[in-house]
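Before any comments, here is the structure.
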Amino acid sequence: MRAVLMAGGSGTRLRPLTCDLPKPMVPILNRPIAEHIINLLKRHHITEIVATLHYLPDALRDYFQDGKDFGVQMTYSVEEEQPLGTAGCVKNTSELLNQTFLVISGDSITDFDLTAAIEFHKQKKSKATLILTRVPNPIDFGVVITDEEQRITRFLEKPSTSEIFSDTVNTGAYILEPEVLEYLPENTESDFSKDLFPLLLAKGEPMYGYVAQGYWCDVGHLDAYREAQYDALEQKVKLDFPYAQVAPGIWVGQNTHIANLKNIQAPAVIGDNCRIGARVQIEAGTVVGDNVTIGADATLKRPIIWNGAIIGEEAELAACVIARGTRVDRRAHVLEAAVVGSLSTVGEEAKISTGVRVWPSKKIESGATLNINLIWGHTAQRNLFGQRGVQGLANIDITPEFAVKLGAAYGSTLKPGSQVSVSRDQRNVSRMVTRSLIAGLMSVGVDVQNLDATAIPISRTVIPTMSVVGGIHVRVHPHRPDYILIEFMDGKGINISKALEKKIEGAYFKEDMRRSQIHEIGDVAYPTQAVDDYCTAFEQLLQIDTIRHSRAKVVIDYVYAVSGAVLPQMLDKFGADAVVLNASLNKTAVSTIEREDLLNQLGHVVEALKATFGVQVSANGEQLILVDESGMPIRGEMLTAMMVDMVLTSHPRGSVVVPVHASSAVEQIARRHDAKVIRTKVNPTALMEASQKNPNVVLGGSGETGFIFPQLHPGFDSMFCIAKLIEMLTIQERSLVSARSELPRVIYKSYTIRCPWRVKGALMRYLVDTHPVENLDLKDGVKIYQPYSDNWVLVLPDASEPVVHLYANSSDRDWVEESLRDYRQRVQAFVVREQEQAMAEV
């Protein structure tokens, strides 16, 4: 006899466990439900099995393959376009069913005597026999009534309370004769209980109900899933345990190390290749999957832990479900009936409350208390991608093996044979990471244009000319010398969209990466014209004769972060005098204090040489701090205002793009020049995108991020900024000192406050609720305006750290001081209240 295993269910009521796994593949005792059903069929000498698949069909097909390893013969029928229903999917396999066959659900746990049911079917000469069981509460099942001969006389699918007329229910297992399938139309959705069985009843076909003895559980929701696990552990149902029993009621897999077996209460299951740390307490009812690590002093109170999970020291899990590959960090608590989806992270000392569900690939921040389901978002901005690319500690978070996988993940989102440019700064650690990224790209059939050590402005300039679909740039983080920053760019040289970031993250975390055959491996080319192409574009946007006649002298400090710089050669070509300081890689990192010392030294050199100005360049050629001829630094909001004034003087009626937290000096300057100000979110990608898509933009960025000249390329470029500044000072017959003296008088101050990730959203809501909507700008953070003035306060959550930034802007110093003090107190008081409330809940 053949069996049809209905295994197409998506298990929506088992979410989040079935977000990336079909319901029949959900594990009971560390083995898929479908495997337990196949073992049951095998015990009753049914070894030819046809599995009907729809939702994520490859998961089951890849696991069982041809069935040989499981002692059966597997055949598959996939509903490609739309689900055909319980009966329609069986009708779809009718050519394989030419004799009496069994239909059984792949998402229930049972030990029914199938042999007895088949014998009953034959004795009754039935056309269709439903295997029934009795349950205390039949409201979720199809109720069936039979006569004294067990012939079915009536049934009702999932009745309401008032419609219940029996406790005998349909288990979803049937013994059928092949001719009953002739009642069903081809390629049409149909259901056994709603369509076929009522029709057979109406036609008077012999249809019987066999009331089976034994265990049956429809694993249709999370409570039932946990119940089935505990029943299996207590051996209320006859299932095959996949591991050896090392003590009464304790089953342990191979190559598993347990510090103290005496700390385990029976019954419990621990899989293969596990590491159970010292003083771990494991209570009765606990199921631990394969390849799981449990840290010292953890407490496990009947959790169900799937394969590959990592549980930190002193963590506490209570009757919850921890899905595949999830990490629960030190001292975290996951409470009863909570479910954490696969590949998620629960931070240190975080708490997931009773019954809360966390969907796959989510991150719960350290110290957070999660009281509601986490489905779409993340409680913390600690994804693979941050506000600006992928970043992490060099050779700790960003390792060669990480970079290989990241390169393969990115390449897998592109078509085979695509070309990508790769560039880096001149640090050895960046070279190491870049080579690993290139290996990953090549492994998935992507060709690489290796620009090698190239400043990022040069990369952004040449990417649109290279027939590449995108680019990657690797460098030491501009503000964290122990961090690596990996930025991904599109074919225009702009940082990639959030949508593409999510695609890369999906490929990375799901390990959904193709593997190319030997002849498809990507190639690497080494273009030699990148610098020349950049210089050509650079020159075309400058008035070279003006610079040549300016007789400018510029002192450039590269802060030990570059060698062989392009800019001094360009300025020399234009007839300007460039004096270069600290252009070597002798130092691996420069601290903030050292950078300030170098800036002070730069001021002295500028004064001594009577230079036009000085500039300290950073961030691989993106950012800069100016030093005027008197040796005074110009940075931050003053630098933003000065550049806006200089550029709009040269290009009146143009548009400038600045971040939302830039001072109101920008608007005052724009009014002088009949110009337009476009404000964006503070992240660099938003500035780049706005500078490209808005017409007539002549400048973008800020003193903090660097400046964008959209006509050259979409990114920030300190090198072009310096040359353009020489041109503008010459044409406008100004010096930096005089330009600074003409800026509007604006008082602008900021303050940073610690704020836990979990409080940020509530803080923003509180601010919105306590201010008139007409006084608010919610472009990024909450900006509160004082009517009929340039006075405003901005409360801006940091995208990377558990802090919020306060900015106050006015022409009145007292108003700024008072407002900053007021909002600092408001925010701090709110954070304290939220933390006290969280502690009370704990």
Q: Express in nm, to one decimal, how much length is gained between Thr592 and Arg548 on full extension, taking 0.36 nm for each residue of separation and deducting their alpha carbon distance.
A: 12.3 nm
Q. Can you pull out the trypsin sites (Lys or Arg not before Pro) in the range 651-755 that DSSP calls coil and that have at most 11 other Cβ atoms within 10 Å?
A. Arg745
Q: Go through the range 775-784 residue by residue and turn each phi into a ³J(HN,Hα) via Karplus (6.51, -1.76, 1.60, θ = phi - 60°); whole Hz please, and just put x for glycine and proline.
A: 9, 10, 10, 10, 4, 7, x, 10, 9, 10
(Q) I'd like the orientation of helix 428-443 relative to the chain: the angle between its Cα long axis and the longest Cα principal axis, in ° from 0 to 90, rounded to 10. (A) 40 degrees
Q. What list of whole percents do you get for P(r) of the chain, with Cα-Cα distances grouped in 20 Å bins up to the one holding the largest distance?
A. 13, 35, 29, 17, 5, 0
**Q.** GluC sites (Glu not before Pro) within the range 453-523: DSSP coil, no more than 14 neighbouring Cβ in 10 Å
**A.** Glu511
Q: Mind pulling the angle between the C-alpha long axis of helix 33-43 and the longest principal axis of the chain? Nearest 10 degrees, somewhere in 0 to 90.
A: 30 degrees
Q) So how far, in whole Å, is the C-alpha centre of the range 519-587 from the one of the range 439-476? A) 19 Å
Q: Scan the range 319-358 for GluC sites (Glu not before Pro) in coil per DSSP, keeping those whose Cβ has at most 15 other Cβ atoms within 10 Å, and list them by number.
A: Glu336
Q. Equivalent-ellipsoid semi-axes (√(5λ), Cα gyration tensor) for the range 684-752, whole Å, largest first?
A. 22, 19, 11
Q: Might you report the magnitude of the Cβ-based charge dipole of the chain about its Cα centre, with Lys and Arg at +1 and Asp and Glu at -1, to the nearest 20 debye?
A: 920 debye
Q | Mean projected area (nm²) of the alpha-carbon convex hull when the range 742-842 is viewed from all directions | A | 7.3 nm²
Q: Compute the relative contact order of the range 571-651 as a whole-number percentage, counting only Cα pairs closer than 8 Å that sit 6 or more residues apart in sequence.
A: 19 percent
(Q) Give the average over all directions of the projected area of the C-alpha convex hull of the range 16-148, one decimal, in nm². (A) 10.0 nm²
Q: Whenever you get a sec, line up Asp512, Asp717 from highest to lowest accessible area (probe 1.4 Å, protein heavy atoms).
A: Asp512, Asp717
Q | Over the chain, relative contact order from alpha-carbon pairs under 8 Å, at least 6 apart, % | A | 6 percent
**Q.** Estimated [θ] at 222 nm from DSSP helical runs (n ≥ 4, -39500 (n - 2.57)) normalised by residues in the chain, nearest 500
**A.** -9000 deg cm²/dmol
Q) Sequence-distant or interchain residues sharing an amide H contact under 5 Å with Ile521, placed H: which? A) none
Q) What is the calculated FRET efficiency for Thr12 to Lys125, with r their C-beta to C-beta distance and R₀ = 25 Å, to the nearest 0.05? A) 0.05
Q. To the nearest 10 Å², what's Thr354's accessible area with a 1.4 Å probe?
A. 90 Å²
Q: Show the residues, 5+ positions off or on another chain, whose built amide H is closer than 5 Å to the amide H of Ile28.
A: Ile33
(Q) Accessible area of the chain with a 1.4 Å probe: how many percent of it is carbon plus sulfur? (A) 47 percent
Q) At a probe size of 1.4 Å, how large is the accessible area of Thr12, to the nearest 10 Å²? A) 90 Å²
Q) So how tilted is helix 592-609 from the main axis of the chain? Cα-based, degrees 0 to 90, rounded to 10. A) 20 degrees
Q: Report, in debye and to the nearest 20, how large the dipole of the range 146-254 comes out about its Cα centre when Lys and Arg carry +1 and Asp and Glu carry -1 on their Cβ.
A: 400 debye
Q) P(r) tail for the range 377-468, what percent of Cα pairs lie past 20 Å? A) 40 percent
Q.
Per residue of the range 503-518, what does 6.51 cos²θ - 1.76 cosθ + 1.60 with θ = phi - 60° give for ³J(HN,Hα)? Whole Hz please, x for Gly and Pro, Karplus curve as stated.
A. 5, 5, 4, x, 5, 5, 6, 8, 6, 8, 10, 6, 10, 7, 6, 4
**Q.** Value of relative contact order over the range 427-512, rounded to a whole percent, pairs C-alpha under 8 Å and six or more apart
**A.** 23 percent
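The values are calculated or read from the model by the stated rules, or taken from the named source; none is laboratory data. Values in this document were obtained by computation on a predicted structure and should not be read as measured data. Every residue, glycine among them, receives a Cβ derived from its backbone with ideal geometry; neighbour counts consider all protein chains shown. For accessibility, only protein heavy atoms count, side chains too; no ligands or nucleic acids. Shrake-Rupley method; radii C 1.70, N 1.55, O 1.52, S 1.80 Å.
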